[in-house]
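The values are calculated or read from the model by the stated rules, or taken from the named source; none is laboratory data. The model shown is predicted, which means the values in this text are computed figures rather than measured ones. Methodologically, a virtual Cβ is constructed for each residue, glycine included, from the backbone with ideal geometry; neighbour enumeration extends over all protein chains shown. Note: areas computed on protein heavy atoms with side chains; ligands, DNA, RNA excluded. Shrake-Rupley method; radii C 1.70, N 1.55, O 1.52, S 1.80 Å.
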Amino acid sequence: MEFSHVPVLFNEVMEGLNVKPGGIYVDGTLGGGGHSEGICKRLDAEGLLIGIDRDADALKAASARLESQGCRKEFVQSNYSDIKLVLSDLGISSVNGALLDLGVSSFQLDNPERGFSYMHDAPLDMRMDASDGFTAEDVVNDYSEKDLTRIILDYGEERWAARIAKFICEARKQQRITSTFELVEIIKKAVPHDARRDGPHPAKRTFQAIRIEVNDEFGHLTRAVTDFMDVLAPGGRLAIISFHSLEDRIVKEAFQKRLNPCTCPPSFPVCVCGKVADVKKITRKPVTASAEELEINPRSRSAKLRVIEKK
């Protein structure tokens with residue numbers, strides 16, 4: 001399959017990063033390389049792009065896509081949450097900018113073998129890194145009803161979470177659930193018929209929740225945001241695109257903590273802890289897609305971009 005990925009909020013990201021031609025930039029979620037191509041076109045021969053992805057297929061496809069670009073390039077199979085280790089291995093102490101696009105690539109969603117999609121029958125997998133041992137099958141079959149309810153409700157924002165979890169637990173008593181279509185049928189039975197008439201596919205939110213759990217997406221994001229701010233050079237910018245309300249909250253709170261690091265009690269008339277902000281906001285509020293982009297790429301509907309700059 002072709003590794004395709006329409007870069008969301010492309011112009012807004014390029015403006016937010018304010019790419020310096022000779023700078024060092026990290027795309028921590030390389031995917032199909034759409035955003036990275038834009039960064040590379042703004043770099044000169046001295047500039048360096050570091051592309052990171054957990055998926056070996058993404059690295060291979062993006063490397064081919066960016067081959068004609070004149071800047072220097074380094075491609076690393078890793079999780080973006082390991083940014084400090086990645087930079088250390090490359091002998092780099094700081095970068096001029098970084099991007100995290102937290103969306104799932106269309107290649108992963110549309111490749112039946114990966115088990116991300118409720119539209120294809122496939123093994124229950126959903127691993128972004130195929131070398132990881134933990135899969136969606138493990139979540140569906142081994143998690144308690146309470147834990148299934150929690151992740152489907154919190155990560156999928158699914159109103160029928162408790163009922164879906166109950167139906168999954170009942171079904172797996174008969175036999176282990178191993179395929180996406182098996183899970184889809186269970187979810188369809190769990191969600192009342194009237195609730196399935198409108199809105200997205202009844203399995204969409206549950207599949208999203210399981211994918212997030214399998215890949216520990218929120219855990220990696222929580223650890224990564226602070227580390228990415230740490231490695232920015234003065235004037236360097238971090239741009240993060242989120243697609244989920246909890247993702248956006250994690251980013252917003254991490255930025256806010258860095259913007260207001262004072263730990264003094266509110267009752268203190270003046271700050272005595274001495275902690276001052278080392279970053280400043282570039283986006284006062286999250287940037288969302290224009291009407292034109294929404295027309296071309298409906299996937300951008302839930303995208304929110306936040307940008308921060310190191311002082």
Next on the checklist: Taking 31 Å as the cut-off for C-alpha to C-alpha distance, list the pairs among Lys146/Lys188; Lys146/Lys252; Lys188/Lys285; Lys204/Lys280; Lys146/Lys310; Lys73/Lys257 that go past it.
Outcome noted: Lys188/Lys285; Lys204/Lys280; Lys146/Lys310; Lys73/Lys257
Checklist entry - Are there GluC sites (Glu not before Pro) in the range 64-153 that DSSP puts in a loop and that have at most 11 other Cβ atoms within 10 Å, and which ones? => result Glu67
Checklist entry - What is the magnitude of the charge dipole of the chain about its Cα centre, with +1 placed on the Cβ of each Lys and Arg, -1 on the Cβ of each Asp and Glu, and no other charges, expressed in debye to the nearest 20? => result 1180 debye
Item to check | Packing rank of 264-271, 38-45, where each peptide gets the mean count of other beta carbons within 10 Å, highest leading | outcome: 38-45, 264-271
Checklist outcome for this item: Descending packing, highest mean Cβ count within 10 Å first, for 166-174, 274-282, 203-211, 223-231 is 203-211, 223-231, 166-174, 274-282
Checklist entry - Which semi-axis lengths, in whole Å and largest first, follow from the square roots of five times the eigenvalues of the Cα gyration tensor of the range 154-294? => result 41, 18, 15
Checklist outcome for this item: Given the candidates Met14, Gly133, Cys169, the one whose Cα lies deepest towards the positive end of the charge dipole of the chain, counting +1 at each Lys or Arg C-beta and -1 at each Asp or Glu C-beta, is Met14
Next on the checklist: With n ≥ 4 as the cut-off for DSSP H runs, can you work out [θ] at 222 nm for the chain, using -39500 (n - 2.57) per run divided by the number of residues, rounded to the nearest 500?
Outcome noted: -12000 deg cm²/dmol
Checklist entry - Measuring with a 1.4 Å probe in the full set of protein chains, what accessible area per residue, in whole Å², belongs to the chain? => result 48 Å²
Item to check | Reported label for calculated Rg/Rh (Cα atoms, Kirkwood Rh) given (i) 1.00; (ii) 1.05; (iii) 1.07 | outcome: (i)
Checklist entry - For Ala130 and Ser78 in one chain, what is 0.36 nm times their gap in residues minus the Cα-Cα distance, to one decimal in nm? => result 17.5 nm
Item to check | Top positive-direction residue, dipole computed over the range 253-311 with Cβ charges, set Ala277, Leu294, Ala254 | outcome: Ala277
Checklist outcome for this item: Counting only protein heavy atoms with a 1.4 Å probe and every protein chain in place, the carbon and sulfur fraction of the accessible surface of the chain in whole percent equals 49 percent
Checklist entry - What's the extension gain from Lys280 to Arg197 if we count 0.36 nm per residue and subtract their Cα-Cα distance? => result 25.3 nm
Item to check | Relative contact order (percent, whole number), the chain, Cα cutoff 8 Å, 6+ residue spacing | outcome: 18 percent
